[in-house]
Amino acid sequence: MNSFGYNFYPVYPGYTPYQGIPTPGPQPQNQMMYNEESYIENILRLNLGKNVSIYMNFENSQWGSKIFKGILEAAGKDHIIISDPNTKMRYILLTIYLDYITFEEEIEYYYPYSPNR
């Protein structure tokens, strides 16, 4: 209680003020969880520098479906970056519009539950 007689925190059995607030300093990382994830951006990151064709669909827009071709530069949770060596143009493509991706060569792929591992 403060000097005015009010509690700043709810009071009920089992409640501790500041619970859930992270403590300063390095926090342990669950490396196993990261290795088990097989998201598209992780697969794309294994294949940076390769030639790709990215098929996208922009429903209800003037563009409709479109194919982007180029070299895979980067990939994040919501975007893919490619560069077109012919035009020197770089594209940031939002994965929300992604249909599928094709590669002109063999791709690198890692999945920890694969029977070949």
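The values are calculated or read from the model by the stated rules, or taken from the named source; none is laboratory data. Quick caveat: nothing in here was measured; it's all calculated off a predicted structure. Here the Cβ positions follow ideal geometry from the backbone for every residue, glycine too, while neighbour counts run over all protein chains shown.
Does Ile107 satisfy the criteria of being surrounded by 13 or more Cβ atoms within 10 Å (Cβ to Cβ), assigned to a loop (DSSP other than H, G, I, E, B) and of a type in the set (A, V, I, L, M)?
yes
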Ile67 meets each of (1) exposed (fewer than 13 other Cβ atoms within 10 Å of the Cβ); (2) aliphatic (A, V, I, L, M); (3) part of a loop (DSSP other than H, G, I, E, B) with one exception, condition (3)
With criteria (1) exposed (fewer than 12 other Cβ atoms within 10 Å of the Cβ); (2) in contact with a Phe, Trp or Tyr (Cβ under 7 Å, 6 or more places away or on another chain); (3) free of Cβ contacts under 8 Å to residues at least 24 places away in the same chain, Tyr91 comes up short on (1)
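Out of Asn47, Asn42, Asn60, Asn86, I need the residue that is surrounded by 11 or more Cβ atoms within 10 Å (Cβ to Cβ), out of contact with any Ser or Thr (no Cβ under 7 Å at 6 or more places or on another chain), at pLDDT 55 or above and part of a loop (DSSP other than H, G, I, E, B). Which one? Before the answer, list the steps.
On the way: Asn42 fails: part of a loop (DSSP other than H, G, I, E, B); Asn60 fails: surrounded by 11 or more Cβ atoms within 10 Å (Cβ to Cβ); Asn86 fails: surrounded by 11 or more Cβ atoms within 10 Å (Cβ to Cβ).
Every option except Asn47 fails the conditions.
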